[in-house]
Each structure stands twice: as C-alpha cells, then as structure tokens.
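Below is one structure; the comments refer to it alone.
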Amino acid sequence: MSFLATFRHGVHPPEHKELTSALTTRRMPFPAEVVLPVRQHAGKPAKVVVKKGDHVERGDIVAVADGFVSAPVHASVTGEVSSIEWWPHPDGSSAPAVRIAVSPHSAQIARERTVPDWRGLEPAQIVQAVQDAGVVGLGGAAFPTHVKLAPPKGTKVDTILLNGCECEPYLTTDHRVMVEQADRVIHGLRIMMRCTGAPRAVIGIEMNKPDAIEAIRRVLPKDLNVEVLPLRVKYPQGAEKMLVESVLGLEVPSGKLPISVGALVQNVASAATIAEVFETGLPLIERIVTVTGLGIRKPANLIVPVGTLLRDLLAACGGMTDDAREIVFGGPMMGQAQGNLDVPVTKGTTGVVVLSDAEVAREHVHPCIRCGKCLDACPVFLNPSLLGRYAQRDRWEDMESHHLNDCMLCGACSYVCPSNIPLSQMFGAAKTMLRRTKAADAALAANATATVKS
Amino acid sequence: MDESAILSSALILGGTGLTFAILIAVAHRKLRVWEDPRIDQIVAMLPGANCGACGSAGCRNFAERLLKADAKPVGCTVMNPDGVKSVASFLGVDAGTAVKRVARLLCAGGSDVATKKAEYHGHRTCVAAASVSTGGKGCSWGCIGLADCARACSFGAITMGPTGLPVVDPAKCTACNDCVVVCPKDLFQILPVTRRLLVQCKSALEGDSAQAVCKVACTACGKCVQDAKPGLISIANGLAVVDPAQSALEEPAATGRCPTGAIVWCEWAQFAPKAAAKSAVRETVNT
C-alpha cells in the first residue's frame, strides 16, 4: 500500500463508506416544493429573472449569471413560482431564493432540446455552453466550472487531473458516479481536454474504491493520453493542491492556483455533468447526494432535484432515528452543520450525513499540550498549534503572517488534536475577522483622507 | 606585565567609549529631527486608550492632529469634560462641541422572544457560530449572543443581559467602533444619542415569516410610517428605516401602533426596564 502515490502529511479517519458505497443510485420522488437560492456557487450570486406566478418547466432558467465568475440557476422541477423570498441557506445565512410549487399534474419530463455537437464548437463556445448550463464544481466548493475551462492568458494546461478521490469519510457520491457513469466521466473529460487543449489527463482515485478504478479502466479510450492512478487512502487527498502533489509531484506555490504548475483539477461528477449537458441539453438541475450516517434509517445514494428541502430528503430516506444528533451538509471533516430542516440542497451539496449520538463525541476542550500532532497532520505545513494560540488571543494579523491564508480549513488538525481544540473552526473564524478588520481599517483610512481633503 | 595589561585594556575600552561618545554627540546635533514638545505633553493628558474612536490612528496621532487644528479636543470621546477642557486651555483653542454617540444594537431578539432551532456546540465565539446556522437561531440576521462584542469592548461598556443580548452602558461607551467591527451579523451601529427612534431589527423577512422566527421582529407593516411625520420613516428591504437627515422630526408617537415593538423610543440606554414592562403588557393583550 505504501508504494501508492500520495502527498505528505494528512490523516486517515475511519471511512464509514460501507453504509452506502454498494447502493445503486435511485431517483427520489419529486417533492411538493423546491427552493432555489440564487447563491449556489462561488462568485457573484445569480439575478432572478422570473416573477411570482410564472410557470416554469424543468430546465428553464430562473436566474441568470451575473458576470463571468457566476453561474445561472435553472428550475429543477415543472411547476409554478410561488414566491421569491429570503430563505435559510446551508451556509448559515439567508439568501434570496425562488420557491417553486411542483405541479402535481406534470409528468416532470423535460422538453426536447437541440444539442449542438461539441466537436464543431470552438473552445470559447464550449466554455459559454458550460456556463449557460450552470455547471459548477460538484465536489463541494461549487466553483463555476467554465471559469477553470478558460485558463488565463499566458498559462497552458499540461495535465487535467480528474478528482475521484472522495477523501471525506461517509460520502460515496463520486464513487457511484464513477461506477455507474464511467462512460460519461470519460466523455466529459474528452470535451474538457479538447476545450483546454490539454495533451494529457490523469484520473486520481483512492484505493478504497477498487470497483470505480476497474469501471473507469474498462472504458479508457485508446486515442487519448488518459490514465487512472490509484492513490493511497488519505485525507485531504481530494484537495486540489494535494492532488497535484500526489499525482504530479509538484507543489502549487502559496497563494497560487494549480494552473501555475500547468494542472487543471476537476471533479469526476462535474465531468459527467458536462457530458450530460452535451448529450441531453439539460442544465445542471439535479445531482447525486449521499444521505448517510447512523442517524438515518435508510442510507441511500439519491438523484435529487437541486432545491429539495432537507426535510423532504430525510423523509425520502425513511426519516431520522431517535438518537440522531447532528446533520452535516458535505462530509464530517469539512461539512457544514445544519440548524434548520428547511435548508435546500444546493449544487454543491455532496452529501447529507446524519450523525447519531454514538458518532458525535462531545468531549471537553483542554489546553494545548504542544504535542505537535497537528503539525504532522497539516497538509500545507502550517503550525496549527501556534495559530490556535494566536486565535485564542484575537491576534489575527500574527496569524496572517504565519500563513493563515494557506489554510484550506480541511480540519485535519482538529481531528488529531488530543485536547479537542476546534482549531479548524477557529481558523475559519480568524479568516472572517481578518477580512472584517481590514475592511474597517480601509474605511477608516478613506474617512481620514476625506477629512484632510475637505 | 600585569600593570601594562590593565593599562592597555583600560586605554582600549576607554578610547572606544570616548570615540563612540563623540560620534553620538555629533549625530545628536547633526541628525536631530525637531518635534513639537507639546505633542508629548498632550499625549500625557490624553487617556492613552488608543481606541481610535476619534478617527485617528491612536492617541499620538490625535495629538498631532490637535496641533494642526485638524481635530477638536472634544473629538476624544474617552476623556471626561474636565479633561477636554484642560486640553483645550493648554492649546488655547475652543474645545468644540459634539453630540455624544453610542453603539446601538439593532436586534432585540433575546432568548425570550426569538426562536431557536438547534443547539450549538462548537467554538464559543459569535464569528465561529455565524457559519453554523447562526448558532441555531431561527433568525439568520439576529444576535448570536456569544459575547464577541463584550470581549472586544476595551471600556467594559458591554455586558451580556439576562436574555443573551449585549447591553451597552451609554455612560461608558466611547463610540470607538470595536463592537461594530467584530459583530459578524453587523448588528451594532454608532448613533448620536439624539437619535431616539430605533428600529431594533435587521431581518429582511416581512410579515408573518418575520414574526414566525422572532416575536419582536420588524414585519415591515408600515404603521410607523403612517404615525410618524411625513418623510421620516420609510420601508426598505423588509425593515422600517428612519431617515438620519430628518431626525429632528422624531417623536415617540411613531412607536405607538407597532404590533411587535420592533421600533422603540430610546431615551438613554437600550433594553431599559421600562421597555420590558411595555412588551409584557403587549403580550398579555395578545394572548
């Protein structure tokens, strides 16, 4: 095992993927209502273009992209817009959202669409088509996919890395995509290689998914330079920079993107979605969500319309057990704990983990004993112990000078800490505070200049 | 042998010392930067809190601005009136006039009136809890109540009240802006104490959906708009907004028919016992 490619540092939490890894995806019944937030991607929120009372069909646009780093939102069901209002968002805030009452008499069959042949399209046209379809990274961060397909001037994509690591415990979304839609994954990769002109591609898959490796290998094309690279099982292998290190042996410099070393990282499910867009013409309106954990009665891999409320999703999986304690969107390492059953599934929701009492250990937080375990765990070689002590004293600037901004909040440090210090959460908060204090200082400086001038 | 060693080392050390002493003496003359001695004297009179409430980068910067007549002594909100007077008389200038400004909390959703949907067990700061469903609170605009502001306040002006809301003591508040910066929900606003009409809510929700998560939310019903003098209050983004330019028109009458008590007449401190009594009366009428 140890001869397999991987990155330095990192952790190996219990995988718990056995709950759903062998379950074939099934479509969940259409709910009575979906709520589509305008903010489902990194970048500027979309702008709503429908109004109350409008009839929309599956795949119709409800909000258009606002600029290049933005993505449109499409109706995931046929129904009537019941209102446009503020709605709880999985990130803990509220966001404007389009509520659609699902039409009970509709068969929910999308209308026929004309699909342009991708072979006849220029790269810029492919990028535009991908944006128009609202495709975003399905691995969790929801960065608009088309932005990555149009690398900045002066850079060249040498290798496309298709990310099939799925290193978060519990989740099996990408796993099922690779097993069940291997053809689509390869087809999407083919479109991306043509769009970016990349001569080579590597599909990185962790060794704990032998059936996925087998399925992809079976459909590998002869005419393209594509290979499957089995990787050691380690967290956070699926982080962009870690994957680049594992596969190419290159380190992405601090503050830079993988493109600076000629790499482009895309999630396997995003690739499959691109293939689907050019196959059916349907935009990104549904995704596979793993609903799992010991707190849910019937764990499943479901095809879920985007905007389905958490409440309906849990009901489709038999509901929660009596000892369910915590619901997390995404995996348990980086996922967002939810405090409201009315939040909708968004494009970036990889899974819903319902943790039972047994899985949620609530232990007392002790002082740091400086054991250094977090230093050995940190995949970007920071000193979480020192950063944690700064965070407790609100020393945000000192944290910045110790490279807080390289932290991707993977949670490896919190996971290994024997004192149960919530390091990763403290760093996330510190990043927010750093942003806020800088904005306040800038406002004060602007104010001072204004008074001097007047 | 011994004596010459003592003598030579004494000469070397003494000579080195003398050379450097001369160098320092020359440098002190030639490279001297003249600084107004009054700056140090004024800094000694200022409180030394370096809070930034005056808009300067610390007390020394404020002293420099005072000397340039770029600021008035009253600009320091931390000094008591006697201190302001002594600085003014030292400089021989007018102390200036300023309306006292205090931090106002634009949320009244304490644990007694706001709904809670989940329990929060993470890192106990507001900014950390803000990303986890507002610490389980039903309203995603409301106060989280984990006291980031009270910890940030250098003057001990903020204490946490019985319902988990921070209570600002106007007498101690210097309007330094620290609480404004740290609140992840942007609930603090620095306002002149003459601004008596406060809308203690930031929820963008309207009507029943606003009241469903908090009993004292502004429902944007518009009754206060009708009751106030024309042009004073308007409704924007699900909230009643008092026009700061028209604050002379403010009257307590605007709060009379507010169905939730979101708009209040604040004489001095927020969440005064009187306001609590009023809301108790309203509750008994409703039920």
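The values are calculated or read from the model by the stated rules, or taken from the named source; none is laboratory data. Quick caveat, the model's predicted, so the values are computed rather than measured. Here Cβ is always computed from backbone atoms with ideal geometry, including for glycine, and neighbour counts include all displayed protein chains. To get the accessible areas, we keep the full protein, side chains included, count just its heavy atoms, and leave off ligands, DNA and RNA. Shrake-Rupley method; radii C 1.70, N 1.55, O 1.52, S 1.80 Å.
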Exercise. Could you please find all residues in the range A:315-335 being open to solvent by less than 10 Å² (accessible area, probe 1.4 Å) and farther than 22 Å from A:His41 by Cα?
Key: A:Cys317
Self-check item: Residues (over 16 Å from A:Ser94 (Cα atoms), surrounded by 17 or more Cβ atoms within 10 Å (Cβ to Cβ) and of a type in the set (Ser, Thr, Tyr)) located in the range B:191-215
Solution: none
Self-check item: Residue under evaluation A:Ala412, criteria (1) at negative phi; (2) within 14 Å of chain B (Cβ to nearest Cβ), criterion not met
Solution: (2)
Practice problem: Only residues that are over 16 Å from A:Leu444 (Cβ atoms) and either within 17 Å of the chain's Cα centre (by Cα) or among the aliphatic types (A, V, I, L, M) (or both): list them for the range B:50-71, please. | Solution: B:Ala63, B:Leu66, B:Leu67, B:Ala69
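Each row is one residue, and each column tells you yes or no for (1) closer than 24 Å to A:Ser246 by Cα; (2) modelled with pLDDT of 95 or more.
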| residue | (1), (2) |
| --- | --- |
| A:Leu341 | no, no |
| A:Pro344 | no, yes |
| A:Ala358 | no, no |
| A:Ala361 | no, no |
| A:Gln392 | no, no |
| A:Arg395 | no, no |
| A:Cys413 | yes, yes |
| A:Leu444 | no, no |
Quiz prompt | Residue match in the range A:18-31 (condition: modelled with pLDDT under 95 and on the phi > 0 side of the Ramachandran plot) | solution = no
Exercise. Among the residues of the range A:171-199, count how many are hydroxyl-bearing (Ser, Thr, Tyr) and open to solvent by less than 10 Å² (accessible area, probe 1.4 Å).
Key: 2
Practice problem: Given the conditions (1) farther than 19 Å from A:Gly134 by Cβ; (2) open to solvent by less than 30 Å² (accessible area, probe 1.4 Å); (3) more than 22 Å from the chain's Cα centre (by Cα); (4) modelled with pLDDT under 95, report the number of the one that A:Gly281 does not fulfil. | Solution: (1)
Exercise. Output the residue which, of all residues in the range B:203-216 that are at the interface with chain A (Cβ under 10 Å from one of its Cβ atoms) and not in a helix (DSSP H, G or I), is nearest to B:Cys107 (Cα to Cα).
Key: B:Ser203
Self-check item: Number of the condition not met by A:Asp376 [criteria: (1) part of a loop (DSSP other than H, G, I, E, B); (2) open to solvent by 40 Å² or more (accessible area, probe 1.4 Å)]
Solution: (1)
Quiz item: Does B:Ala71 satisfy the criteria of being open to solvent by less than 70 Å² (accessible area, probe 1.4 Å), within 14 Å of chain A (Cβ to nearest Cβ) and under 29 Å from B:Thr174 (Cα atoms)?
Solution: yes
Quiz item: Considering A:Val289, A:Val304, A:Val328, which residue is within 14 Å of chain B (Cβ to nearest Cβ), under 17 Å from the mean Cα position of the chain (by Cα) and not in a loop (DSSP other than H, G, I, E, B)?
Solution: A:Val328
Exercise. Please find, among B:Cys139, B:Cys173, the residue that is over 29 Å from A:Asn420 (Cβ atoms), open to solvent by less than 30 Å² (accessible area, probe 1.4 Å), away from every other protein chain (no Cβ under 14 Å) and in contact (Cβ under 8 Å) with a residue 40 or more places away in the chain.
Key: B:Cys173
Practice problem: Say whether the condition of being under 24 Å from A:Val48 (Cβ atoms) and outside any strand (DSSP E or B) is met by at least one residue in the range A:147-155. | Solution: yes
Exercise. Output the qualifying pairs, or none if there are none: Cβ atoms under 9 angstrom, residues six or more apart or on different chains, first residue in the range A:424-441 and more than 8 Å from chain B (Cβ to nearest Cβ) and open to solvent by less than 10 Å² (accessible area, probe 1.4 Å), second residue assigned to a helix (DSSP H, G or I) and hydroxyl-bearing (Ser, Thr, Tyr).
Key: A:Ala430/A:Tyr390
Self-check item: strands (runs of 3 or more DSSP E) wholly inside the range A:61-142 containing at least 3 residues that are in contact (Cβ under 8 Å) with a residue 24 or more places away in the chain, within 14 Å of another protein chain (Cβ to nearest Cβ) and open to solvent by less than 70 Å² (accessible area, probe 1.4 Å)
Solution: A:79-88, A:94-102
Quiz prompt | Residue selected from the range A:386-409 under the condition surrounded by fewer than 21 Cβ atoms within 10 Å (Cβ to Cβ) and in contact with a Gly (Cβ under 9 Å, 6 or more places away or on another chain), by the criterion nearest to the other protein chains (Cβ to nearest Cβ) | solution = A:Leu409
Quiz item: From the list A:Cys371, A:Cys410, which residue is assigned to a loop (DSSP other than H, G, I, E, B) and in contact (Cβ under 8 Å) with a residue 60 or more places away in the chain?
Solution: A:Cys410
Quiz prompt | Matching entry among A:Leu220, A:Leu161 (being within 22 Å of A:Thr6 (Cα to Cα) and either part of a loop (DSSP other than H, G, I, E, B) or touching a Leu at 6+ places or on another chain (Cβ under 7 Å) (or both)) | solution = A:Leu161
Quiz prompt | When residues of the range B:31-46 are limited to those that are in a loop (DSSP other than H, G, I, E, B) and modelled with pLDDT of 90 or more, the one surrounded by the fewest Cβ atoms within 10 Å (Cβ to Cβ) | solution = B:Leu31
Quiz item: Of (1) within 14 Å of another protein chain (Cβ to nearest Cβ); (2) open to solvent by 50 Å² or more (accessible area, probe 1.4 Å); (3) part of a helix (DSSP H, G or I), A:Glu363 satisfies all except one. Which?
Solution: (3)
Practice problem: Filter the range A:214-246 for residues that are farther than 25 Å from A:His16 by Cα and not basic (Lys, Arg) and give the result. | Solution: A:Val219, A:Leu220, A:Pro221, A:Asp223, A:Leu224, A:Asn225, A:Val226, A:Glu227, A:Val244, A:Glu245
Quiz item: All but one of (1) among the polar types (S, T, N, Q); (2) in contact with a Ser or Thr (Cβ under 9 Å, 6 or more places away or on another chain); (3) away from chain A (no Cβ under 14 Å) hold for B:Gln200; which doesn't?
Solution: (2)
Practice problem: Taking only the range A:200-212 into account, find how many residues are open to solvent by less than 10 Å² (accessible area, probe 1.4 Å) and either among the aromatic types (Phe, Trp, Tyr) or under 14 Å from A:Arg176 (Cβ atoms) (or both). | Solution: 3
Quiz item: Is it the case that A:Val365 is of a type in the set (Val, Ile, Thr) and not assigned by TED's automatic domain parsing to the domain that holds A:Gly43?
Solution: yes
Quiz item: Going through the range B:47-63 one residue at a time, which ones are modelled with pLDDT under 90 and within 14 Å of chain A (Cβ to nearest Cβ)?
Solution: B:Asn50, B:Cys51, B:Gly52, B:Ala53, B:Cys54, B:Gly55, B:Ser56, B:Ala57, B:Gly58
Quiz item: Do we find that B:Ala118 is facing chain A (nearest Cβ under 9 Å) and surrounded by fewer than 20 Cβ atoms within 10 Å (Cβ to Cβ) in this structure?
Solution: yes
